[in-house]
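For reference, the structure discussed in these notes is given below.
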Amino acid sequence: MRILVTGGAGFIGSHLIDRLMEQGHEVLCLDNFYTGHKRNIEKWLGHPYFECIRHDITEPIRLEVDRIYHLACPASPVHYQFNPVKTIKTNVIGTLHMLGLAKRVKARFLLASTSEVYGDPLVHPQTEEYWGNVNPIGIRSCYDEGKRVAETLTFDYHRNNGVDIRVARIFNTYGPRMFENDGRVVSNFVVQALQGIPLTVYGDGSQTRSFCYVSDLVEGLMRLMEGDYIGPVNLGNPVEYTILELAQTIQKMVNPNADIAFKPLPQDDPKKRQPDISRAKTYLGWEPLVPLQEGLTKTIADFEERLNASR
Ligand SMILES: NC(=O)c1ccc[n+]([C@@H]2O[C@H](COP(=O)([O-])OP(=O)(O)OC[C@H]3O[C@@H](n4cnc5c(N)ncnc54)[C@H](O)[C@@H]3O)[C@@H](O)[C@H]2O)c1
C-alpha cells in the first residue's frame, strides 16, 4: 500500500514508519520538522519505497495514497504552548486538509488523538464513553480542545462524507527518539539523571500516569488501522505509577546519587491518568507487552548515546 504518515519525522511517527517500511509498504512522510528530526528517518532516506516531503499541513496538498496516519502535531506542552495559535491551526486546519485528502482519494484515515481529550478526568480509569473535563481557556487548551475538534471533524467527515476513519486516543508514550528537552516526564527524568542534576518532581509527586512503550503503541495503531473497528479507542498502558515512583525508578537505574527536587504543580496538570483498555483488548486484541523497566532500559541507552554525541 501507499501510506502517508503526517508527523512522520517525529517520535511516534518515525517508529511507525520503521514498521511500515519493514512490512514492504511505500511510505510518504510529511513533516514541517517543527519537533521532528531528519535523524529519526535517516535510515530510509534514499530507499526506493520511501519519500519525505517537507510540508506544513496547515497548507493543502494533493497526493495519491491508500492510508493516512495523521500524527502531525507537537505533543509536548513545551512545544505546543510555544505558539498556541499555530497548535490549533495544525489540529483544526491541518486535520481538515488531511480529511479532505482522504475524502478525495478514498484513503482510510487514522487520527492520533490523545488522552488529553479527557482533560483533568473526574472518572477513573478513563473509558472512551467519558466526555472529559477540559478547561476551554487554559494554557493546555490549544492542544486539548484542538484534538477534541480534530475528533469532531473526523467523525463528521465519516457521517457526512463517508470517509473511512479510525480514532486512537493515545496515552503517555515513551521510548527512544523522544525529544531531550521537551518537558515530558520520562525524558526530563532521564536527562536529569544522566546529567547528574536533581530530578524535578512537580507537586508532591502523588499524581499518577501510565507509560506505554512506543513499540506497543505502534502495534496498537497498526491493528486499529487494519481492523474494522473505527474507535475512538484508548491506546495506553493501564499500569499506573505515581510520578514520584517513576522518578525513583529512573534514579535507581541511572544515577542513585541524583537528588529529587520538588517544584509547584503547573496549571491544569491532570492529577490522575489511566486508560481503560477494554475496547482495545476486545476489538483489536491488543494490550501492551513491554514492562516499564525494559522500556526504560532502551530509552536510557538512546538518550545516553545522543547526549554523548552532543558533548
Ligand atoms: N507521545 C505521546 O505520549 C502522545 C500522547 C498522546 C497523543 N500523541 C499524539 O501522537 C502524535 C505524535 O506525537 P509524538 O510524540 O510523536 O510528537 P512529536 O512532536 O515527536 O511529533 C510530531 C511531528 O509532527 C510534526 N508537525 C507538527 N506540526 C506540523 C505541521 N503543522 N505540519 C507538518 N508537520 C507538523 C513535527 O515536526 C513532528 O515531527 C501527535 O499527534 C500527538 O498529539 C502523542
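The values are calculated or read from the model by the stated rules, or taken from the named source; none is laboratory data. Please read all numbers here as calculations on a predicted model, not as lab measurements. With ideal geometry, Cβ positions are generated from the backbone for all residues, glycine too; neighbour counts draw on all protein chains shown.
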Scan of the stretch 150-167 for residues that are surrounded by fewer than 19 Cβ atoms within 10 Å (Cβ to Cβ) and either of a type in the set (D, E, K, R) or within 13 Å of the ligand (Cβ to nearest atom) (or both), ordered by number: D156, R159, D164
Could you please let me know if Y143 is among the hydroxyl-bearing types (S, T, Y), over 15 Å from the mean Cα position of the chain (by Cα) and crowded, with 16+ Cβ neighbours inside 10 Å? no
Yes or no: D216 more than 26 Å from I93 (Cα to Cα), within 16 Å of the ligand (Cβ to nearest atom) and at pLDDT 95 or above? yes
Leading residue by the ranking (surrounded by the most Cβ atoms within 10 Å (Cβ to Cβ)) among those in the stretch 40-58 that are in a loop (DSSP other than H, G, I, E, B) and either basic (K, R) or within 8 Å of the ligand (Cβ to nearest atom) (or both): I57
Scope the stretch 84-106; condition more than 14 Å from the ligand (Cβ to nearest atom) and either closer than 15 Å to V149 by Cβ or surrounded by fewer than 23 Cβ atoms within 10 Å (Cβ to Cβ) (or both); matching residues: L99, G100, K103, R104, V105, K106
Could you give every pair whose Cβ atoms fall below 6 Å, whose first residue belongs to the stretch 196-221 and is under 16 Å from I277 (Cβ atoms) and in a strand (DSSP E or B), and whose second residue is among the polar types (S, T, N, Q) and within 16 Å of the ligand (Cβ to nearest atom), counting only separations of at least 6 or pairs across chains? R209/N172; S210/N237; S210/Q274; C212/T173; C212/N237
Taking the stretch 282-296 as the region of interest, how many residues are in a helix (DSSP H, G or I) and surrounded by 12 or more Cβ atoms within 10 Å (Cβ to Cβ)? 5
Within the stretch 1-10, the count of residues that are in a loop (DSSP other than H, G, I, E, B), among the aliphatic types (A, V, I, L, M) and under 18 Å from the mean Cα position of the chain (by Cα) comes to 1
Given the criteria in a loop (DSSP other than H, G, I, E, B) and within 11 Å of the ligand (Cβ to nearest atom), does G13 qualify? no
For T35, only one of the following conditions fails: (1) β-branched (V, I, T); (2) near the ligand (Cβ under 8 Å from one of its atoms); (3) not in a loop (DSSP other than H, G, I, E, B). What is its number? (3)
Select, from S115, S76, the only residue that is buried (at least 23 other Cβ atoms within 10 Å of the Cβ), closer than 24 Å to N188 by Cβ and polar (S, T, N, Q). S115
Restricting the search to the stretch 59-79, which residues are under 24 Å from M178 (Cα atoms) and either at pLDDT 95 or above or near the ligand (Cβ under 7 Å from one of its atoms) (or both)? I68, Y69, H70, L71, A72, C73, P74, A75, S76, H79
Residue under question is G24, and the condition is that it be assigned to a loop (DSSP other than H, G, I, E, B), within 19 Å of R223 (Cα to Cα), away from the ligand (no atom under 13 Å from the Cβ) and not aromatic (F, W, Y); does it hold? yes
Which number in (1) farther than 19 Å from S278 by Cα; (2) surrounded by fewer than 16 Cβ atoms within 10 Å (Cβ to Cβ); (3) at pLDDT 95 or above marks the one condition that L110 misses? (2)
